[in-house]
Amino acid sequence: MIVITTPTGQIGRQVLGNVLDALDVLDDRDAGAPIRVIARDPARLSARMRERVEVIPGSHSDIDVVNKAFAGADTVFWLAPSNPRAERVEDSYLDFTRPACDAFKSQGVERVVGISALGRGVTENAGLVSASLAMDDLIAATGVAYRALTLPSFMDNVLRQTEAIKNQGTFFGPTSGDRRFPACATRDIAAVAAGLLLDPSWSGVGSVPLLGPEDLSLNDMAQIMSEVLGTPVRFQEVSAESFKAGLARSGMSDAMVRGMADMMAAKDNGLDNAEPRTPESTTPTSFRQFCEEVLKPAVLA
């Protein structure tokens with residue numbers, strides 16, 4: 001039994017799709033693990049998914065929901081969704097995860113694959129990153145076998161600025177345009193997560209860094225976007241105060257604004273560059289491929 005959280009989210013839906021595809025390859029559904037998902041809004045699941053999985057409605061921060069979902073489960077995909085209105089950064093990660101940790105123990109879950117961040121041991125105050133790493137410790141302390149996928153910024157984050165890219169030829173951020181850093185496509189994250197969910201052989205606690213195929217600066221990314229889109233695109237750095245003001249205008253709580261700003265400042269100071277690149281941590285999707293296959297269709301839509 002595999003349980004997948006956030007099955008309609010950016011990463012979770014791709015994880016679920018990959019797991020179902022892998023089971024289809026077996027050509028014998030009885031030979032594959034049964035799949036269960038926790039969904040706040042089951043209507044957002046595709047018809048294919050609803051036919052193939054058992055759906056537990058509700059939030060995976062609810063102890064009754066996770067106890068029901070984890071009953072008889074061997075492996076869980078765990079992602080704590082960011083809550084932009086949380087009163088404390090810890091609420092969005094640690095408090096959200098505590099009921100699940102109780103359920104991991106009481107329901108006998110063996111393995112958990114979690115979405116986390118790079119940066120352990122690099123700095124004490126990295127905002128959302130620090131809270132995510134504390135969440136990893138909380139899960140590991142339950143005694144389950146745990147693999148934290150430790151991630152840099154996502155290539156897919158640029159999709160949040162599709163309109164600015166399309167209408168202004170510009171995307172914005174509070175970090176230097178010249179610093180080169182790793183970035184990973186969510187499709188590659190989902191592929192690794194699905195592989196771990198389907199593999200019952202691993203044990204213990206460890207991290208799995210995923211760094212994309214190369215380090216690029218935001219100015220490098222702007223050049224690649226320009227070439228793929230056939231129109232000039234540039235990156236514009238904004239001040240930390242302007243960045244925070246924009247987050248506040250969007251409705252984000254003061255605590256989460258500080259958490260985001262602290263995280264971006266840590267990244268600008270090299271947080272994501274501390275992890276050595278290895279063949280194992282290098283993932284296949286290049287930023288150019290992402291732009292050709294994902295960003296360009298979004299801009300042209």
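Among (1) in contact (Cβ under 8 Å) with a residue 40 or more places away in the chain; (2) open to solvent by 40 Å² or more (accessible area, probe 1.4 Å), there is one condition Glu293 misses while meeting the rest; what is its number?
Of (1) in contact (Cβ under 8 Å) with a residue 40 or more places away in the chain; (2) open to solvent by 40 Å² or more (accessible area, probe 1.4 Å), only one is false for Glu293: (1).
Regarding segment 226-237, can at least one residue be identified that is within 28 Å of Gly127 (Cα to Cα) and without any contact (Cβ under 8 Å) to a residue 60 or more places away in the chain?
No, segment 226-237 has no match at all.
Tell me which residues, restricted to segment 106-139, are more than 23 Å from Asp268 (Cβ to Cβ), in a loop (DSSP other than H, G, I, E, B) and of a type in the set (A, V, I, L, M).
Result: Val109, single match.
So Pro213 passes all but one of these: (1) in contact with a Phe, Trp or Tyr (Cβ under 8 Å, 6 or more places away or on another chain); (2) part of a loop (DSSP other than H, G, I, E, B). Which condition number does it fail?
(1)
Can you pull out the residues in segment 76-96 that are of a type in the set (S, T, N, Q) and surrounded by fewer than 24 Cβ atoms within 10 Å (Cβ to Cβ)?
Result: Ser82, Asn83.
Tell me which residues, restricted to segment 241-266, are under 16 Å from Leu218 (Cα atoms) and out of contact with any helix residue (DSSP H, G or I) (no Cβ under 8 Å at 6 or more places or on another chain).
none
Among the numbered criteria (1) touching a strand residue (DSSP E or B) at 6+ places or on another chain (Cβ under 9 Å); (2) in contact (Cβ under 8 Å) with a residue 60 or more places away in the chain, which one does Ser253 miss?
Unmet for Ser253, out of (1) touching a strand residue (DSSP E or B) at 6+ places or on another chain (Cβ under 9 Å); (2) in contact (Cβ under 8 Å) with a residue 60 or more places away in the chain: (1).
Would you say Glu241 is open to solvent by 40 Å² or more (accessible area, probe 1.4 Å), within 16 Å of Ser176 (Cα to Cα) and free of Cβ contacts under 8 Å to residues at least 24 places away in the same chain?
Taking the combined requirement at face value, the residue satisfies it.
Mind listing just one residue for me: the one in segment 155-208 that is of a type in the set (D, E, K, R) and within 29 Å of Thr5 (Cβ to Cβ) and, of those, surrounded by the fewest Cβ atoms within 10 Å (Cβ to Cβ)?
Arg160
I want to confirm something. Restricting to segment 219-238 and keeping residues that are outside any helix (DSSP H, G or I) and out of contact with any Ser or Thr (no Cβ under 9 Å at 6 or more places or on another chain), which single residue is surrounded by the most Cβ atoms within 10 Å (Cβ to Cβ)?
Restricting to residues being outside any helix (DSSP H, G or I) and out of contact with any Ser or Thr (no Cβ under 9 Å at 6 or more places or on another chain), the top hit is Val238.
Just name the residue that is most open to solvent (accessible area, probe 1.4 Å) out of those in segment 46-71 that are at pLDDT below 95 and under 21 Å from the mean Cα position of the chain (by Cα).
Ser46
Taking segment 140-154, which residues are within 13 Å of Thr75 (Cα to Cα), open to solvent by less than 40 Å² (accessible area, probe 1.4 Å) and assigned to a strand (DSSP E or B)?
Answer for segment 140-154, where residues must be within 13 Å of Thr75 (Cα to Cα), open to solvent by less than 40 Å² (accessible area, probe 1.4 Å) and assigned to a strand (DSSP E or B): Ala145, Tyr146.
Residues that are free of Cβ contacts under 8 Å to residues at least 40 places away in the same chain, among the acidic types (Asp, Glu) and open to solvent by 40 Å² or more (accessible area, probe 1.4 Å): does segment 268-279 have at least one?
No, there is no match, as no residue in segment 268-279 is free of Cβ contacts under 8 Å to residues at least 40 places away in the same chain, among the acidic types (Asp, Glu) and open to solvent by 40 Å² or more (accessible area, probe 1.4 Å).
Could you check segment 100-125 and list, in sequence order, the residues that are under 25 Å from Ser201 (Cα atoms), among the hydroxyl-bearing types (Ser, Thr, Tyr) and surrounded by fewer than 22 Cβ atoms within 10 Å (Cβ to Cβ)?
Residue satisfying the conditions is Ser106 alone.
Wholly within segment 249-301, which helices (runs of 4 or more DSSP H) include no fewer than the required count, namely at least 1 residues that are out of contact with any His (no Cβ under 6 Å at 6 or more places or on another chain), modelled with pLDDT of 95 or more and among the aliphatic types (A, V, I, L, M)?
Per the criteria, 254-268, 296-300.
The values are calculated or read from the model by the stated rules, or taken from the named source; none is laboratory data. Bear in mind that the values here come from a model prediction, so they are computed numbers and not experimental data. Glycine gets a Cβ as well: all are built from the backbone with ideal geometry, and neighbour counts include every protein chain shown. SASA here: full protein model, heavy atoms, side chains in, ligands and nucleic acids out. Shrake-Rupley method; radii C 1.70, N 1.55, O 1.52, S 1.80 Å.
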